[in-house]
Amino acid sequence: MKFYYVLMGVFFFSCSVDAFDDDFTSMLNEVTGIATKTKLNIDYQPSVVSVLHADKLKKIGVRNLHEAIGILPGIETSILHTGWKQVIIRGAHNPDTFVFDKYKLYIDGVDVGSDLYSTSYFYLDFPVELIDRIEVLRGSASTIYGPGAFSGAINVITKSSQTGDGDAVFGSVGSYDYTKAGFVKHLNIGQWNIGIDSYHQHSNKTVDAGRAFVAAQEASYARSDYNSLENFEDYSIGVTAKNSDFTLIARYKSEVTDNFYGLNETLEPVFGGYQRNHSGIVELQNRHALDHDLHLDTKVGVNYYDFTFDSTVYEDYGGSGLIFRINPTYRQLNSYIDMNLKGENIENHEWMLGVGAQKINTLKNVFGTTLRTQLDGGPFIISDALAYLDGQYGFLNGDNDQWIKSVYFQDIYSINGDWDISGNMRLDDYSLFEKMFSYRLGSVYRLDEGNIVKAVYGRSYRAPSYVEAFQSVQDGLKNGNANLTPELIDTYELAYTHKNQNTILRTNLFYSIMQDVIDRIEHEPPSFPGDYANHRQRNAKGLELEFTRRFGNGSELMANLSYVRTEYFTPDYYHPVEVQSPEISEVLSKGYFIYPLSQALSINTAWYYNGPKNGYSRNNTGNAQTFDATMVIDETVAYDIDESSTVTLSAKNLFNEPVIYPSYQGKHEGIRREGRNWLITYEKRF
């Protein structure tokens, strides 16, 4: 840690003169539409909004979207034993289930999520070199984005979507044979401005998992190592085409990974397991002016998702262990249309009225297995070849196609030049679940140009994912519960912003009440359907502080601190025990310091502090291993070879801090992560 203290000393010595420049001015006047779909300064939006710029993220060694989001206050990032990346916003996390996200992710305003697991984790490896900026809304967002935007929404604006000539090629190499390469290219064809981006990344990563992740009874473990297998191959291509009235956005993404610590958190006894995600989106947008202060926005699109995995699973049946293989495949196509009528034709009002419809179709739903349970209660049938089941015994119990119909309204009323109030209402009608009525009330008061106060109340929903509701009865998997109702959250927020020419200070207080929480159920009566249930109310409260300051020598400091405490009840049906929510830290502190040694050379520090956290308690007593706090520091040197070329060298986890995530199965060793590693990136701009 001595090196870090020396750096901080240099920071305080060198930053005694304040300055003002165009880059920081743009931060002070940042404009986004993420909270209202209406372009406003982020401090005038009736929500807590942060904007991250890729140019700065690259300087501090951030390589992808998952790492970028993790630097914000109130957000904790991690991975599951399967390698699925998690983003936990303000403690909204159900540790007994899986990676059912509580937020919605958009790429250039297009929803890339899947209804299967209610997640978009397979986009979190998206490289920072293709990103222009990231807009993050923390808090209730269902009134704008529909159920699923439970605790927030994230919109990634790519460089290819920006009109201009920001072309580039880039390449990276790093630890574990990591490689990445890609490009951004703009073309003008007639009246169309076309942006294209693409990338490919790959690694041969393994991490020592330890013997605890091999079952004691598993005599047929065939591997000589005890490694978490974490290889991955990731590829994407995206196109944005614009003219005066129309925008076409299309993207295809393919990701294949190993199975990390195993599907059931037991290292797979043989090599060859994998998880594969394919995602394809196409959306056509049209903006039609009906009058000078009235226009209609229409978008029509499809979202295709294909998921399959191949896993060799060990199950201990009363001391008699079985090893079998499973290979489910699920394909889904979402088709949708959305229309917004926006107007400013009523004095002091900026309003929006919208309707939408979405059809979810299952294209394939099969479950391959070498272990079958006979319906008459007879012995297991075990075979060498996979048998593929569908219908009631597919990956899901039936195809479960459905319609989702929505109507929503928003009004922003300017009482005077300093005070705005806003209201949102939205009704979502799911043919397979209950109707959901969400709403939000917000007030933004500008004391003066540099001091803004916000008060917001919002209600949001998350519909059950298809896995939670419909996963079929199969060995190695949880069973769905079709009787689940959507979970909801009421959030109260009070925020204050102070900013001047060189300083931005944002403070947020929030209190959330979560009801009908969808989580695993344990020790339920025999008549209870499935392995999931709606649980009792859980409350969360917290504080977020964010400080950004630009100094006279061009250096910049961003530091944030957040405190989040969430109630949690163990999943026992009859005797739930209240404890602090496991697997998340109450205290987080993240930030960066960018220090230019010259016009071409900078040395930059990023830090990520996670406070202590409790692991998962399998004995329903609330007693589980406590994981120590961690302080990870990344150090990056960025050098501009010339005006159009930059090379960065990053030492990530510089001081080789042991990072261990809690084990879902309560195994004391936890999910170990890599120590010190390195990354070199070269970027050429045209």
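For segment 64-72, 3J(HN,Hα) computed residue by residue from phi via the Karplus equation (6.51, -1.76, 1.60; θ = phi - 60°) reads 8, 4, 4, 5, 5, 4, x, 8, 8 Hz, glycine and proline entered as x.
Starting from the Cα gyration tensor of segment 200-304, take the square roots of the eigenvalues, sort them a ≥ b ≥ c, and report rounded, prolate or oblate (rounded when a/c is under 1.5, otherwise prolate if a/b is larger than b/c, else oblate). Prolate. Each Cα pair under 8 Å and six or more residues apart adds its sequence gap; the mean of these over the residue count of the chain is a relative contact order of 12 percent.
Of the cross-linked pairs 185/342; 435/667; 541/667; 159/205; 85/242; 342/454, those separated by over 31 Å at the C-alpha level are 185/342; 435/667; 85/242. Contact order for segment 537-686, expressed relative to its length and based on alpha carbon pairs under 8 Å spaced 6+ residues apart, stands at 16 percent. Residue exposure proxy: 436, 339, ordered by other Cβ atoms within 10 angstrom of their Cβ from fewest to most, comes out as 339, 436. Computed from the alpha carbon positions, the gyration tensor of segment 542-591 leads to an equivalent ellipsoid with semi-axes of 39, 8, 5 Å, biggest first.
Starting from the Cα of residue 405, draw a straight line to each of the aspartates and glutamates and keep only those under 15 Å, dropping any in the same chain fewer than 8 residues away. Candidates past the 8-residue exclusion: 338, 428, 429, 434.
Mind checking the angle between helix 2-14 and the chain's longest principal axis? C-alpha axes, 0 to 90 degrees, to the nearest 10. With rounding to tens, the tilt is 20 degrees.
By the count of neighbouring beta-carbon atoms within 10 Å, fewest first, 186, 349 end up ordered 349, 186. For the chain, the mean residue ellipticity at 222 nm estimated from helices alone is -1500 deg cm²/dmol, where every DSSP H run of n ≥ 4 contributes -39500 (n - 2.57) and the total is divided by all residues, rounded to the nearest 500. The distance linking segment 221-276 with segment 507-557 is 27 Å (Cα centroid to Cα centroid, whole angstrom). By the count of neighbouring beta-carbon atoms within 10 Å, fewest first, 551, 126 end up ordered 551, 126.
Could you give the Stokes-Einstein D for the chain in µm² per second, using the C-alpha Kirkwood radius, 20 °C, 1.002 mPa s? Taking Rh from Cα pairs, D becomes 82 µm²/s. If a/c stays under 1.5 just call it rounded; otherwise compare a/b with b/c (prolate if a/b is bigger, oblate if not). Do that for segment 138-249, with a ≥ b ≥ c from the square roots of the Cα gyration tensor eigenvalues. Oblate, because a/c is 1.5 or more while a/b does not exceed b/c.
Here, each number is a calculation from the coordinates, and none is a lab measurement. Here the structure is a predicted model, which means the values were calculated and not measured. Positions of Cβ are generated from backbone atoms using ideal geometry, with glycine treated the same way; all protein chains shown enter the neighbour counts.
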